[in-house]
Amino acid sequence: MSNPLHARGVRVSGPGMRRAGADWTVNLPNSITSIRIFSVPILIWVLATNLFRGKTHGEQELVASTVFILASITDGLDGYLARRRQQVTTLGMLLDPLADKLLIAAAFVSLVQFTPWIVPAWMAVVIIGREFLVSGLRAIAAQEGFTIQASELGKFKMVVQIVSVVAVILAHRWSYWMIGNFIMPVEVIARTAIWFMVALSFASAADYFIGFWAKIDKSSMRRRQRRRRGFVLTRRKDKDVPAV
(Lines give C-alpha, C1' and ligand atoms only; values in the text may rest on other atoms or scores of the structure.)
Protein backbone atom coordinates (compact mmCIF):
# COMPACT_ATOMS: atom_id res chain seq x y z
CA MET A 1 0.00 0.00 0.00
CA SER A 2 1.47 4.04 0.75
CA ASN A 3 4.73 5.43 2.18
CA PRO A 4 3.97 6.18 5.89
CA LEU A 5 6.19 9.25 5.97
CA HIS A 6 4.56 10.67 2.84
CA ALA A 7 1.01 9.62 3.74
CA ARG A 8 1.22 11.14 7.21
CA GLY A 9 2.91 14.33 6.00
CA VAL A 10 5.96 14.19 8.25
CA ARG A 11 7.55 17.55 8.99
CA VAL A 12 10.48 17.96 11.31
CA SER A 13 10.30 21.70 11.78
CA GLY A 14 7.92 24.62 11.73
CA PRO A 15 5.66 26.35 14.25
CA GLY A 16 2.98 24.25 15.83
CA MET A 17 4.40 20.97 14.48
CA ARG A 18 5.77 18.39 16.87
CA ARG A 19 9.01 16.81 15.74
CA ALA A 20 8.67 13.29 14.30
CA GLY A 21 10.91 11.38 16.65
CA ALA A 22 10.47 9.59 19.95
CA ASP A 23 6.76 10.32 20.29
CA TRP A 24 4.75 7.22 21.22
CA THR A 25 1.46 8.98 22.02
CA VAL A 26 -1.71 7.00 21.32
CA ASN A 27 -3.82 9.71 19.70
CA LEU A 28 -6.89 9.59 17.44
CA PRO A 29 -5.02 8.79 14.18
CA ASN A 30 -3.10 6.00 15.92
CA SER A 31 -6.34 4.63 17.39
CA ILE A 32 -7.86 4.52 13.91
CA THR A 33 -4.78 2.69 12.64
CA SER A 34 -5.20 0.21 15.50
CA ILE A 35 -8.79 -0.40 14.39
CA ARG A 36 -7.41 -1.52 11.01
CA ILE A 37 -5.12 -3.99 12.76
CA PHE A 38 -7.95 -5.37 14.92
CA SER A 39 -10.16 -5.73 11.83
CA VAL A 40 -7.73 -8.33 10.41
CA PRO A 41 -8.78 -11.24 12.70
CA ILE A 42 -12.43 -10.22 12.25
CA LEU A 43 -12.09 -10.45 8.46
CA ILE A 44 -10.36 -13.83 8.68
CA TRP A 45 -13.04 -15.13 11.05
CA VAL A 46 -15.92 -13.97 8.84
CA LEU A 47 -14.41 -15.62 5.76
CA ALA A 48 -13.61 -18.87 7.58
CA THR A 49 -16.51 -19.36 10.01
CA ASN A 50 -19.37 -21.81 9.54
CA LEU A 51 -21.73 -19.43 11.31
CA PHE A 52 -23.19 -18.25 7.99
CA ARG A 53 -23.50 -21.74 6.51
CA GLY A 54 -26.98 -22.34 5.13
CA LYS A 55 -27.68 -18.62 4.72
CA THR A 56 -29.10 -17.88 1.29
CA HIS A 57 -28.87 -14.11 1.06
CA GLY A 58 -25.09 -13.72 1.00
CA GLU A 59 -24.75 -12.54 4.59
CA GLN A 60 -21.18 -13.86 4.87
CA GLU A 61 -20.01 -12.14 1.70
CA LEU A 62 -21.72 -8.85 2.55
CA VAL A 63 -20.32 -8.76 6.09
CA ALA A 64 -16.79 -9.62 4.90
CA SER A 65 -16.96 -6.96 2.17
CA THR A 66 -18.16 -4.36 4.66
CA VAL A 67 -15.36 -5.17 7.11
CA PHE A 68 -12.71 -4.90 4.38
CA ILE A 69 -14.09 -1.65 2.94
CA LEU A 70 -14.28 0.02 6.36
CA ALA A 71 -10.76 -1.15 7.22
CA SER A 72 -9.46 0.19 3.89
CA ILE A 73 -11.10 3.57 4.51
CA THR A 74 -9.14 3.93 7.76
CA ASP A 75 -5.92 3.78 5.71
CA GLY A 76 -6.58 7.23 4.29
CA LEU A 77 -8.44 8.58 7.30
CA ASP A 78 -5.63 8.14 9.81
CA GLY A 79 -3.11 9.91 7.57
CA TYR A 80 -5.52 12.79 6.90
CA LEU A 81 -6.24 13.28 10.61
CA ALA A 82 -2.55 13.06 11.50
CA ARG A 83 -1.79 15.90 9.10
CA ARG A 84 -4.88 17.94 9.99
CA ARG A 85 -4.42 17.62 13.75
CA GLN A 86 -0.60 17.84 13.59
CA GLN A 87 -0.31 14.50 15.37
CA VAL A 88 2.43 12.75 13.43
CA THR A 89 4.09 10.33 15.85
CA THR A 90 6.70 7.59 15.81
CA LEU A 91 4.06 5.08 16.88
CA GLY A 92 1.87 6.05 13.95
CA MET A 93 4.73 5.72 11.46
CA LEU A 94 5.37 2.20 12.75
CA LEU A 95 1.75 1.06 12.98
CA ASP A 96 0.53 2.41 9.62
CA PRO A 97 2.64 0.21 7.27
CA LEU A 98 2.23 -2.74 9.64
CA ALA A 99 -1.56 -2.42 9.49
CA ASP A 100 -1.49 -2.17 5.68
CA LYS A 101 0.63 -5.29 5.25
CA LEU A 102 -1.44 -7.30 7.75
CA LEU A 103 -4.73 -6.36 6.08
CA ILE A 104 -3.56 -7.17 2.54
CA ALA A 105 -1.85 -10.41 3.55
CA ALA A 106 -4.88 -11.57 5.56
CA ALA A 107 -7.30 -10.71 2.75
CA PHE A 108 -5.48 -12.53 -0.04
CA VAL A 109 -4.44 -15.55 2.04
CA SER A 110 -8.06 -15.95 3.12
CA LEU A 111 -9.28 -15.59 -0.47
CA VAL A 112 -7.04 -18.48 -1.55
CA GLN A 113 -9.16 -20.69 0.72
CA PHE A 114 -12.45 -18.84 0.24
CA THR A 115 -12.43 -18.61 -3.60
CA PRO A 116 -9.59 -20.82 -4.90
CA TRP A 117 -11.11 -20.94 -8.40
CA ILE A 118 -10.56 -17.16 -8.70
CA VAL A 119 -7.50 -16.54 -6.51
CA PRO A 120 -4.91 -19.34 -6.78
CA ALA A 121 -2.06 -19.42 -4.29
CA TRP A 122 0.54 -18.03 -6.71
CA MET A 123 -1.47 -14.83 -7.17
CA ALA A 124 -1.51 -14.26 -3.42
CA VAL A 125 2.25 -14.86 -3.28
CA VAL A 126 2.87 -12.26 -6.03
CA ILE A 127 0.63 -9.62 -4.43
CA ILE A 128 1.88 -10.13 -0.88
CA GLY A 129 5.49 -10.47 -2.06
CA ARG A 130 5.24 -7.08 -3.75
CA GLU A 131 4.22 -5.48 -0.43
CA PHE A 132 7.21 -6.91 1.43
CA LEU A 133 9.59 -6.10 -1.44
CA VAL A 134 8.61 -2.43 -1.31
CA SER A 135 8.95 -2.44 2.49
CA GLY A 136 12.45 -3.88 2.15
CA LEU A 137 13.45 -1.25 -0.40
CA ARG A 138 12.19 1.50 1.87
CA ALA A 139 14.11 0.08 4.83
CA ILE A 140 17.34 0.04 2.81
CA ALA A 141 16.63 3.53 1.51
CA ALA A 142 16.13 4.79 5.06
CA GLN A 143 19.54 3.39 6.03
CA GLU A 144 21.06 5.21 3.07
CA GLY A 145 19.48 8.48 4.21
CA PHE A 146 16.67 9.00 1.71
CA THR A 147 13.02 8.01 1.29
CA ILE A 148 11.03 6.50 -1.58
CA GLN A 149 7.81 8.43 -2.01
CA ALA A 150 4.56 6.68 -2.87
CA SER A 151 4.09 6.83 -6.64
CA GLU A 152 0.83 7.53 -8.45
CA LEU A 153 0.91 3.94 -9.69
CA GLY A 154 1.12 2.72 -6.11
CA LYS A 155 -1.88 4.85 -5.09
CA PHE A 156 -3.88 3.55 -8.06
CA LYS A 157 -2.93 0.01 -7.06
CA MET A 158 -4.53 0.57 -3.67
CA VAL A 159 -7.87 1.43 -5.32
CA VAL A 160 -7.68 -1.64 -7.60
CA GLN A 161 -6.79 -3.69 -4.54
CA ILE A 162 -10.01 -2.71 -2.75
CA VAL A 163 -12.13 -3.36 -5.85
CA SER A 164 -10.53 -6.74 -6.52
CA VAL A 165 -10.87 -8.04 -2.95
CA VAL A 166 -14.50 -6.95 -2.62
CA ALA A 167 -15.41 -8.31 -6.08
CA VAL A 168 -13.80 -11.68 -5.34
CA ILE A 169 -15.62 -11.95 -2.01
CA LEU A 170 -18.96 -11.18 -3.65
CA ALA A 171 -18.24 -13.61 -6.51
CA HIS A 172 -18.20 -16.41 -3.94
CA ARG A 173 -21.98 -16.06 -3.71
CA TRP A 174 -23.07 -14.31 -6.93
CA SER A 175 -22.00 -14.82 -10.54
CA TYR A 176 -23.97 -11.73 -11.53
CA TRP A 177 -26.36 -9.14 -10.12
CA MET A 178 -29.59 -8.07 -11.76
CA ILE A 179 -30.01 -4.31 -11.34
CA GLY A 180 -33.23 -3.49 -13.15
CA ASN A 181 -32.60 -4.46 -16.77
CA PHE A 182 -28.85 -4.29 -16.30
CA ILE A 183 -26.78 -7.41 -15.57
CA MET A 184 -23.63 -6.80 -13.51
CA PRO A 185 -21.21 -9.72 -14.13
CA VAL A 186 -19.74 -9.97 -10.63
CA GLU A 187 -17.51 -12.97 -11.33
CA VAL A 188 -16.17 -11.49 -14.57
CA ILE A 189 -15.36 -8.26 -12.74
CA ALA A 190 -13.64 -10.23 -9.97
CA ARG A 191 -11.48 -12.25 -12.37
CA THR A 192 -10.59 -9.17 -14.41
CA ALA A 193 -9.77 -7.12 -11.29
CA ILE A 194 -7.58 -9.81 -9.73
CA TRP A 195 -5.53 -10.28 -12.92
CA PHE A 196 -5.23 -6.52 -13.25
CA MET A 197 -4.10 -6.46 -9.63
CA VAL A 198 -1.34 -8.98 -10.37
CA ALA A 199 -0.17 -6.94 -13.37
CA LEU A 200 -0.17 -3.74 -11.29
CA SER A 201 1.82 -5.49 -8.55
CA PHE A 202 4.57 -6.29 -11.05
CA ALA A 203 4.47 -2.81 -12.59
CA SER A 204 4.39 -1.03 -9.22
CA ALA A 205 7.24 -3.15 -7.85
CA ALA A 206 9.32 -2.35 -10.95
CA ASP A 207 8.48 1.36 -10.56
CA TYR A 208 9.63 1.40 -6.93
CA PHE A 209 12.77 -0.59 -7.77
CA ILE A 210 13.73 1.79 -10.59
CA GLY A 211 13.24 4.78 -8.29
CA PHE A 212 15.21 3.05 -5.54
CA TRP A 213 18.08 2.14 -7.87
CA ALA A 214 18.28 5.67 -9.26
CA LYS A 215 18.58 7.18 -5.77
CA ILE A 216 21.08 4.52 -4.67
CA ASP A 217 23.17 5.28 -7.77
CA LYS A 218 23.10 9.02 -7.03
CA SER A 219 23.98 8.39 -3.38
CA SER A 220 26.92 6.17 -4.38
CA MET A 221 28.12 8.78 -6.86
CA ARG A 222 28.04 11.51 -4.20
CA ARG A 223 30.03 9.28 -1.82
CA ARG A 224 32.63 8.60 -4.52
CA GLN A 225 32.90 12.32 -5.26
CA ARG A 226 33.40 13.10 -1.55
CA ARG A 227 36.10 10.44 -1.24
CA ARG A 228 37.83 11.70 -4.40
CA ARG A 229 37.66 15.31 -3.13
CA GLY A 230 39.06 14.23 0.23
CA PHE A 231 41.90 12.35 -1.49
CA VAL A 232 42.76 15.38 -3.65
CA LEU A 233 42.80 17.67 -0.62
CA THR A 234 45.07 15.21 1.20
CA ARG A 235 47.49 15.13 -1.73
CA ARG A 236 47.56 18.92 -1.84
CA LYS A 237 48.29 19.13 1.87
CA ASP A 238 51.11 16.61 1.51
CA LYS A 239 52.65 18.69 -1.28
CA ASP A 240 52.45 21.86 0.80
CA VAL A 241 54.51 20.35 3.63
CA PRO A 242 58.10 21.69 3.32
CA ALA A 243 60.85 19.13 3.08
CA VAL A 244 63.09 18.85 6.17
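The values are calculated or read from the model by the stated rules, or taken from the named source; none is laboratory data. Small disclaimer: the values here were computed from a predicted structure and weren't measured. Cβ: placed from backbone, ideal geometry, glycine included. Neighbour counts: every protein chain shown.
Tabulated results
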| quantity | calculated |
| --- | --- |
| Odd one out for VAL163 among (1) of a type in the set (Val, Ile, Thr); (2) more than 26 Å from TRP213 (Cβ to Cβ); (3) touching a residue at least 60 places away in the same chain (Cβ under 8 Å); (4) surrounded by 14 or more Cβ atoms within 10 Å (Cβ to Cβ) | (3) |
| Selection status of MET221, out of contact with any strand residue (DSSP E or B) (no Cβ under 7 Å at 6 or more places or on another chain), modelled with pLDDT of 85 or more and either closer than 18 Å to PHE108 by Cβ or part of a helix (DSSP H, G or I) (or both) | no |
| Members of the stretch 179-205 found to be modelled with pLDDT under 85 and not polar (S, T, N, Q), listed by number | ILE179, GLY180, ALA205 |
| Residues within the stretch 161-200 that are more than 21 Å from GLN113 (Cα to Cα), assigned to a helix (DSSP H, G or I) and in contact with a helix residue (DSSP H, G or I) (Cβ under 9 Å, 6 or more places away or on another chain), tallied | 1 |
| Residue pairs meeting the criteria (Cβ under 9 Å; at least 6 apart or on separate chains; first on the phi > 0 side of the Ramachandran plot, in the stretch 182-209; second surrounded by 14 or more Cβ atoms within 10 Å (Cβ to Cβ) and modelled with pLDDT under 90) | none |
| Residue that is farthest from ALA106 (Cα to Cα) [pool: residues in the stretch 124-157 that are aromatic (Phe, Trp, Tyr) and at pLDDT 75 or above] | PHE156 |
| Some residue of the stretch 40-47 being at pLDDT 90 or above, closer than 23 Å to ASP100 by Cβ and in contact with a Ser or Thr (Cβ under 6 Å, 6 or more places away or on another chain) | yes |
| Filtered residue count, the stretch 81-130, keeping only those that are surrounded by fewer than 19 Cβ atoms within 10 Å (Cβ to Cβ) and of a type in the set (D, E, K, R) | 4 |
